Amino acid sequence: MRTQLSFAPLAGIPTELLTVFAADTQTEKGPDSKPAPRLLTDDAAVQAAAAAVLSSGEYKAAANETVLLHAPAALAAKRLLIVGLGKLARVNAHKVRDGAGTAVRFAKPRGIRETVLALPSSEGLPHAVVARSAVEGAFVGDFDADTYRSDRKDQSIQSFTLAVPGGADRAAVEAALAEGAIVGESQNFARSLVNEPGNKLTPTILGKRAAEIAQQVGLECEVHSTEKLHELKMGAFWAVSQGSVEPPALIVLRYSPPGIPDGPVLGLVGKGITFDTGGISIKPADNMDQMKYDMAGGAAMIGAMRAIALLKPKVRVIAIVCAAENMPSGTAQKPGDVQTAMSGKTIEIINTDAEGRLVLADGLTYARQLGATHLIDAATLTGAVSVALGKITGGSFANDDATYGKFEQALQVSGEKFWRLPLGDEYADLIKSEIGDIKNTGGRWGGAITAAEFLHHFAEDTPWIHLDIAGIAWIEDSRPYIAKGPSGVAVRSILEWVRSF
Ligand code: BES
Ligand code: MN
Ligand code: ZN
């Protein structure tokens, strides 16, 4: 998708589809109150073209509610689309991101390949901030998980123009456009990896994809396999991969900007299980196909590194993706086995389906060994996190309030939803083992927390954030602004967290 800016008056811009936003200004709701939508543009010709439908009472400007007008009077555009942003008082950059996605997803199935979106007249929001969100949303909306469908692929929008109201700071909006494109494309890159099925994306192939993108954007990349796992004594990571004929991949991406010899080193650690059968503790057949997305945490790290390489923050970053396939076989690990992790801790395997924490244990230890001073991991780690928070909000955990504070700030920019859950000694007690140091499951209750406490053993006292994205990495029903399928969640938040250092 090509992106560009236009500073021309809206009425004169020739396009297949011009989109303008509207907001709901109704303050009280009574039996007789009529919807009160208001356009978020000062353009008189657009207002005149939309006047009839806005006063009809048919359209409320609810969030992502659309109405389309063909051949709008006195406009050079062939069609005028109005996209609602919901209540005026609650309009923000996140609503605009979704609204832009809605516009793009409206256009796609209608064979429209070129579209113009009018940036809302500033409702107290800086134009650059809204522009960045709008462009991100356009990219996010343009993505469909249809690469394997002959009938649907290649419907992408080819050209997206942001029409900027007069009075905006041009240089700032231009920079925002470029940034929004990088962020949106990086999120989509992660989504494209997550969408690949297990047979098309083995650990080795994930390693190749990481190396390719690293080469394109100028990151250092190493991809190791079995031998290196043995050399580093990564007994927990190896235990998961030993059941598969597919060798594991230990992917290391490094971003080291010149002229920053000391200061923090951020360690990004991602779970990269390219398929999770559960191993010997095998999963039921129902929905097992979904377990191709068990590498979404790893994909998020690769996507974030792509954006980091292009946006060049002044901080060193190392990403580690622990990729393996969790399979049952004659060589697979068994419940009751004891594994020795890279850190030296021994782990009693209770359930081979609790494999994500095993690969991450060694990934976290390795990140610390490589000099990481602050850690963040992302993983589709537990079904329990969805029981706690649904499929709307991710679970987050941290052993350091200051480091988590930066992440909360990052969420303000990214618009992604995470809710911090507790850690604590009483939870840690639930994974004590009589046979070894710890066991890999903590029973039925608080499953997302005991999983986090397991990781805590390997992050130790290094400031660390854990993101459990099991419930939000895959969108089960399409929304107006985003397709069904991989969400690419955490790319934007991790990026902003990195940029906060
Ligand atoms: N990959 C799964 C978690 C998962 C479940 C991700 C559903 C996405 C959707 C993870 O490896 C797993 O199997 N976790 C187990 C842990 C249990 C055995 C302690 C779970 O959550 O059931
Ligand atoms: Mn599992
Ligand atoms: Zn898993």
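What the table shows:
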quantity	calculated
Cβ-Cβ FRET estimate between ASP32 and TYR148, R0 fixed at 41 Å, reported to 0.05	0.20
Violating pairs (Cα-Cα greater than 23 angstrom) within the set LYS108/LYS312; LYS292/LYS391; LYS271/LYS391	LYS108/LYS312
Pairwise FRET efficiency - GLU231 versus ARG479, Cβ, R0 = 45 Å, nearest 0.05	0.45
3J(HN,Hα) from dihedral phi, the stretch 409-421, Karplus parametrisation 6.51/-1.76/1.60, rounded to Hz, x for glycine, proline	4, 4, 5, 4, 7, 6, x, 7, 9, 10, 10, 6, 9
Förster radius 41 Å - calculated FRET efficiency between SER55 and ALA178 (Cβ-Cβ, nearest 0.05)	0.55
q = 0.07 Å⁻¹, the chain: log10 I(q)/I(0) [Debye, one scatterer per Cα]	-0.40
Relative contact order [Cα under 8 Å, 6+ residues apart], the stretch 392-501, whole percent	37
Percent antiparallel among DSSP beta bridges (both partners in the chain, rounded to 5)	40
Cβ-based net charge around ALA324, under 9 Å, with every Lys or Arg adding one and every Asp or Glu removing one	-3
Label point distance in nm, LYS432-ALA285, each placed 7 Å from Cα along Cα→Cβ	4.3
Net dipole in debye of the stretch 4-152 [+1 Lys, Arg Cβ; -1 Asp, Glu Cβ; about Cα centre; nearest 20]	140
Counting DSSP beta bridges with both ends in the stretch 1-90, the antiparallel % (nearest 5)	55
Cα-centred dipole magnitude for the chain, charges only on beta-carbon of K, R (+1) and D, E (-1), debye, nearest 20	1200
Whole-number percent relative contact order across the chain, with pairs defined as alpha carbons under 8 Å at least 6 apart	15
Chymotrypsin sites (Phe, Trp or Tyr not before Pro) within the stretch 76-160, DSSP loop, no more than 15 other Cβ atoms inside 10 Å	TYR148
Assigned charges on the beta-carbon of Lys, Arg, Asp, Glu; the stretch 290-409 dipole about Cα centre (debye)	520
Quotient of C-alpha Rg and 2.2 N^0.38 Å, computed over the stretch 195-279	1.23
Bins of 10 Å from zero: percent of alpha-carbon pairs in the stretch 379-501	13, 41, 32, 12, 2, 0
³J(HN,Hα), Karplus 6.51/-1.76/1.60, whole Hz, each residue of the stretch 484-501, x for Gly, Pro	4, x, x, 8, x, 5, 5, 4, 5, 5, 5, 4, 5, 4, 4, 5, 7, 8
Hits among aspartates and glutamates - C-alpha to C-alpha of LYS78 under 17 Å, sequence gap 8 or more where chains match	GLU16, ASP43, GLU114
Between helix 203-217 and the chain: long-axis angle, C-alpha atoms, 0 to 90°, nearest 10	50
Long-range HN-HN contacts of ALA22 with modeled amide H, under 5 Å	LEU40, VAL83, GLY84, LEU85
Compactness index (Cα Rg / 2.2 N^0.38 Å), the stretch 56-125	1.14
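Here, each number is a calculation from the coordinates, and none is a lab measurement. Model, not experiment: these values are computed from the prediction. Positions of Cβ are backbone-derived with ideal geometry, glycine not excepted, and every protein chain shown enters the neighbour counts.
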